[in-house]
Amino acid sequence: MESNSDTYEPLLLAFCCYWCSYTGADLAGVARIQYPPNVRIIRVQCSGMVHPNLVMDALTNGADGVLICGCHPGDCHYREGNLRAKARADAISLMMEDFALEPERFRLEWVSASESPRFAQVIRDTVED
Ligand code: FES
């Protein structure tokens with residue numbers, strides 16, 4: 001995102017699962033809930049399909065932060081996809097450590113389809129961090 005030394009604006013990528021988090025993001029838009037425009041949302045079928053290499057590629061090629069949003073545990077439409085996302089998030093954290101990347105540049109969050117205010121808050125918090 002455009003920046004100069006006075007008004008740095010981070011660029012975030014958010015991988016949002018189709019069934020819950022993307023719908024929550026969509027509902028935030030419909031409900032006109034304000035959140036920073038710093039995020040580019042990528043819809044994925046399930047949070048469990050986001051390979052760690054996608055996150056590392058983004059972080060090492062210009063993204064300031066990456067967010068993976070999925071259904072709450074127990075609600076994944078593919079049963080255990082979000083549990084896989086959690087395991088991958090742990091691996092991503094270790095990889096980030098190896099690359100000397102700040103841990104706050106990556107987050108995994110659960111956002112349901114009805115949690116549009118929560119989605120907006122997650123974006124605000126991530127941009128702030
Ligand atoms: Fe949402 Fe799997 S379908 S996390």
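Rule-based calculations on the coordinates, nothing more; no lab input. Small disclaimer: the values here were computed from a predicted structure and weren't measured. Note that each Cβ is placed from the backbone with ideal geometry, even for glycine, and that neighbours are counted across all protein chains shown.
Near V44, the amide H atoms lying under 5 Å from its own belong to C16, C17, Y18; only residues 5 or more places off or on other chains count, and H is placed 1.01 Å from N.
From helices alone, the chain scores -12000 deg cm²/dmol at 222 nm; the rule is -39500 (n - 2.57) for each run of n ≥ 4 DSSP H residues, then divide by the residue total.
Converting phi to 3J(HN,Hα) with the Karplus coefficients 6.51, -1.76 and 1.60 and the offset θ = phi - 60°, segment 42-47 yields 10, 7, 10, 5, 8, 4 Hz in sequence order, with x at every glycine or proline. If R0 equals 22 Å, the separation of the Cβ atoms of H77 and V30 corresponds to a calculated FRET efficiency of about 0.55.
Applying the criteria of a DSSP loop state and at most 14 other Cβ atoms within 10 Å to the trypsin sites (Lys or Arg not before Pro) of segment 1-101 yields R32, R79. Phi angles across segment 56-62 convert, under the Karplus curve 6.51 cos²θ - 1.76 cosθ + 1.60 with θ = phi - 60°, into 3J(HN,Hα) values of 5, 4, 4, 5, 9, 10, x Hz, Gly and Pro given as x. Backbone phi angles across segment 88-97, fed through the Karplus curve with coefficients 6.51, -1.76 and 1.60 (θ = phi - 60°), yield HN-Hα couplings of 5, 4, 5, 5, 4, 4, 5, 5, 4, 4 Hz in residue order; Gly and Pro are listed as x. Convex hull volume of the C-alpha atoms in the chain, normalised per residue: 93 Å³.
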